[in-house]
Amino acid sequence: QDIRHASKSQLRHIRRQIGMIFQNANLVGHLTVLENVLHGRLGYQSTLAGILGRYTTAEKETAVDLLTQVGLADFMYHRCDELSGGQMQRVGIARALMQDPKILLCDEPIASLDPKSAKVVMDYLHFLAKQRHITCIVNLHQVDAAREYADRILGINQGQVVFEGTPDQLSDDALEQLYQGKREVQHS
């Protein structure tokens, strides 16, 4: 859908359909996990309702269900600034899914996580996107994670697509071209 000439109201509608998961989670630290997840519904509310934090019972139930699905039901009343990085990313996933998006855009969701937390986050992201039939576009520098979780990989170097294919097609030669001899691949 070409959005370059969309009106403000059209853009608001389009943005509701796009969930975003950020590298640093972008949570409000002094709010609870549940409140942060409920913020995923702000695009559906008036400004006043959003400021007052007015959410329906159904929205609250959905938020609790999402927190259960990402393994954080026991943390829903904890402040977000009390969580680990992996837990924050899972809150970010739940918040993005609260929007009921058609597309999830994920900007380096595991870049600052330890390997165990990164696997947990990618497992949840992969499972929930498949379960809900959501297109998920993930920007990653971790080639091994891309190979494990992606259905399709685009390799971009200096703004140019230098590889497009399935994980099985991502050969060492393609990686050399992608990184131009500066491979940063970690084999486990």
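The values are calculated or read from the model by the stated rules, or taken from the named source; none is laboratory data. As the structure is a prediction and not an experimental result, all values here were calculated from the model. Here Cβ is always computed from backbone atoms with ideal geometry, including for glycine, and neighbour counts include all displayed protein chains. The accessibility values were calculated without ligands, DNA or RNA, using every heavy atom of the protein model including side chains. Shrake-Rupley method; radii C 1.70, N 1.55, O 1.52, S 1.80 Å.
Quick look at the numbers
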{"item": "In region 113-174, the trypsin sites (Lys or Arg not before Pro) that fall in loop regions by DSSP, at most 13 other Cβ within 10 Å", "result": "Arg152"}
{"item": "Chymotrypsin sites (Phe, Trp or Tyr not before Pro) restricted to region 66-152 and DSSP loop, no more than 11 other C-beta within 10 Å", "result": "Tyr77"}
{"item": "Max mean-square fluctuation residue, GNM over the chain, Cα-Cα springs under 10 Å, options Leu175, Leu113, Leu125", "result": "Leu175"}
{"item": "Candidate values [x] 56, 38, 33; [y] 55, 42, 27; [z] 47, 41, 24, label of the one derived for Cα extents along the principal axes in Å", "result": "[y]"}
{"item": "Dipole magnitude of region 31-188 about its Cα centre (Cβ charges: Lys, Arg +1; Asp, Glu -1), debye to nearest 20", "result": "460"}
{"item": "Whole-Hz ³J(HN,Hα) from phi, Karplus 6.51 cos²θ - 1.76 cosθ + 1.60, for region 6-18, glycine and proline x", "result": "6, 6, 4, 5, 5, 4, 4, 5, 5, 5, 4, 8, 10"}
{"item": "Percent of beta bridges antiparallel (DSSP, the chain, rounded to nearest 5)", "result": "40"}
{"item": "Nearest-ten-degree value, helix 85-98 long axis tilted from longest Cα axis of the chain", "result": "70"}
{"item": "Solvent-accessible surface ranking, highest first, for Lys8, Lys102 at 1.4 angstrom", "result": "Lys8, Lys102"}
{"item": "Principal axis box of region 1-75, alpha-carbon based, largest edge first, Å", "result": "44, 29, 22"}
{"item": "In degrees, nearest ten, helix 115-132 long axis to first principal axis of the chain (Cα)", "result": "70"}
{"item": "Region 11-95: trypsin sites (Lys or Arg not before Pro) in DSSP loop, at most 13 other beta carbons within 10 Å", "result": "Arg54"}
{"item": "Alpha-carbon centroids, region 43-58 and region 75-132: separation in whole Å", "result": "23"}
{"item": "Under 30 Å from the Cα of Lys130 - lysines, other chains or at least 8 residues apart", "result": "Lys60, Lys102, Lys116, Lys119"}
{"item": "Among Phe22, Val143, Gln160 the positive-end extreme of the charge dipole of the chain (Cβ point charges)", "result": "Phe22"}
{"item": "0 to 90° range, to nearest 10: angle between helix 57-69 axis and the chain longest Cα axis", "result": "40"}
